[in-house]
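To keep things clear, I will list the structure first and then write my remarks on it.
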Amino acid sequence: MPDLNTSQSTDPFDLGKAPPGTPTTIFILGGDGPLGRDMLLRLLVGGRISLEVAFGASLLAVLIGLVLGGIAGFVGGWTDGVISRLTDFIMAFPLLLLLLLLGNTVGNRLTSVTFHGVLQPGVFSLILLIGFFAWFYPARIVRGEVAALKEREFVESARMIGASEWRILRTHIFPHVAPILLAYSSFLVASMILIEAGLSFLNVGVRLPTASWGSLLTSAWGTYRNPQPYDPQRMTIWMTLLPTLAILVAAVGWTLFGEGLRRATSPGTK
């Protein structure tokens, strides 16, 4: 009979030899600590969730900015003044601190909204929180473009032949604003990826065990409320480096794409 005391391992996470016939697999990027989940798979799933938040929040912010900026630039007068002061008021707040405050109060009530499993818990609340407080830059861009375009000759010609205000906006002004707004939306997606990662790392929005690039960093270092000390038996550099590289590559990629789109749609470039 073998001596069990001499065969025991000193590693607290060593579960012994697997039974015969147990299927095996190769983790290309390793596992995520004691649980041994595939790090590559969690990076891919986390990227999908992070991009869902980034796309959804960018779309909501652009729509709000398009409506408010279009009204302010086209109507002018006291309407322009009210919307401009509202934009300045929102821009005066530190965005990350405001989202952190609202995420721990209002956002907790929306965390469970998943639309019957279409979205993961916390995704919808992050889309609403970020989108409702990131519309000021699109609004300023649209307001400036619309205010300049409404004085152009082709707009005056459309008014002279009896075109309605809605037709002028839809046919003559918005097509000129769309390329600029589309290029800016790519920059906005890059910003939203960083904001989502920061909020998830601060335990607002997407929380563990749901994977996002921010929550993957949380699994390594904990949250600001419950930080985890460094433990060499549980933590490796890859659990921090891989999500960070994914965030960096995605943000830089969308920024370069937006710059290329801006140059392609600019009238003065070839």
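Lys and Arg at +1, Asp and Glu at -1: add these up for the other residues within a Cβ distance under 15 Å of Gly65 and post the number. Once all neighbours under 15 Å are counted, the net charge is -1. Extension gain, Ile90 to Thr171: 0.36 nm times the residue separation minus the Cα-Cα distance gives 26.1 nm.
Taking a quarter of the surface of the convex hull around the Cα atoms of region 36-93, what do you get in nm²? Directional mean of the projected Cα hull area for region 36-93 stands at 5.4 nm².
Summing +1 for each Lys or Arg and -1 for each Asp or Glu among the other residues whose beta-carbon sits under 14 angstrom from that of Ile28 gives 0. Note down the net charge around Ser212, summing +1 for each Lys or Arg and -1 for each Asp or Glu among other residues with Cβ under 13 Å from its Cβ. Neighbour charge sum, excluding Ser212 itself: +1. With neighbours defined as other Cβ atoms within 10 Å of a residue's Cβ, the residues Arg48, Arg42, Arg140 order from fewest to most as Arg48, Arg140, Arg42.
We did not get these values from a lab; they are worked out from the coordinates using the rules stated. Predicted model, so just to flag it, every value in this text is computed and none were measured. Because the Cβ atoms are built from the backbone with ideal geometry, glycine has one as well, and the counts that use them run over all protein chains shown.
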